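The values are calculated or read from the model by the stated rules, or taken from the named source; none is laboratory data. These numbers come from a predicted model, not from an experiment. Here the Cβ positions follow ideal geometry from the backbone for every residue, glycine too, while neighbour counts run over all protein chains shown.
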Amino acid sequence: MSKTANTLRDNDARLAELLKSLTEGQWAQPSLCTEWTNHDVLAHLVVGYSATLSSIATATLRRHGSFDQANSDMARTLAAQRDPQALIDDFIALTQQARGVGRVFPRRLLLGDHVIHELDISCALGRDCTIPAAVVAAVLDTEVRIPNPFVRASARARGLTLIATDTTWSHHHSGGPTVAGKAGFLASVLAGRPWALRHLTGNGVAILASRLQPSQEAQP
């Protein structure tokens, strides 16, 4: 098993424990991922580990070729069918044996997806980030270095110097405008979450803000 796969497995185990701590009322609250509730976000994590190519294709065709809309529909449909506890059980089982696209999707991108969605939930609830610094740093490395067809993080980071103020992580571009802030907020903004912009400072924040467009960006 690769180092990234091990990191994903360990982080998913930690994430599962956090998910178990949410109350019924908290699951119904809106997350920081566009119009999804925390329950919808959890369903999305299960979809990402289990959806088949045929089900994704069918949902996308139904939405006239919009993968974003199809992705949203699949998450909401599953959330309507299964309560949070059942979905947590599904998620734990799938971390041990993924199905469908979950078996082949790059582990780096899955790690990023799970970390960003954890922030979508925990920050919406006003909880402190408990994601290990090394995990968030790994997500930031992926965001700035690896083009992702679902999340345009590398394009948003282009030409900017990014500095995490709570870890040793940084990404330098010679002469590039600077954006500084906690690693989780940097990762969230690069993933398309404008809510975290207010937590960032530097002469590059306005540039980064201009690169954000209204988008679900709740994939894969």
Wholly within the range 1-66, which helices (runs of 4 or more DSSP H) include no fewer than the required count, namely at least 2 residues that are in contact with a Leu (Cβ under 7 Å, 6 or more places away or on another chain) and at pLDDT 90 or above?
3-20, 38-50
Taking the condition more than 20 Å from Thr130 (Cα to Cα) and part of a helix (DSSP H, G or I), does Asp89 pass?
yes
Hey, Val104 hits all of (1) closer than 23 Å to Val139 by Cβ; (2) surrounded by 13 or more Cβ atoms within 10 Å (Cβ to Cβ); (3) of a type in the set (Val, Ile, Thr) but one; which does it fall short on?
(2)
Residue check: is Val139 of a type in the set (A, V, I, L, M), within 17 Å of the chain's Cα centre (by Cα), under 20 Å from Asn71 (Cβ atoms) and outside any helix (DSSP H, G or I)?
no
Return a yes/no flag: does the range 124-131 have any residue that is at pLDDT 95 or above, under 25 Å from Glu17 (Cβ atoms) and in a helix (DSSP H, G or I).
yes
Can you find a residue that is surrounded by 14 or more Cβ atoms within 10 Å (Cβ to Cβ), at pLDDT below 95 and either touching a strand residue (DSSP E or B) at 6+ places or on another chain (Cβ under 8 Å) or under 15 Å from Gly112 (Cβ atoms) (or both) anywhere in the range 176-183?
yes
Taking the range 153-175, which residues are surrounded by fewer than 20 Cβ atoms within 10 Å (Cβ to Cβ) and assigned to a loop (DSSP other than H, G, I, E, B)?
Arg158, Gly159, Thr165, Asp166, Thr167, Thr168, His172, His173, Ser174, Gly175
Can you tell me which residue among Leu110, Leu140 is over 18 Å from Ala16 (Cα atoms) and modelled with pLDDT of 95 or more?
Leu140
Residue count, the range 145-179, condition basic (Lys, Arg), over 16 Å from the mean Cα position of the chain (by Cα) and under 27 Å from Asp128 (Cβ atoms), comes to 0
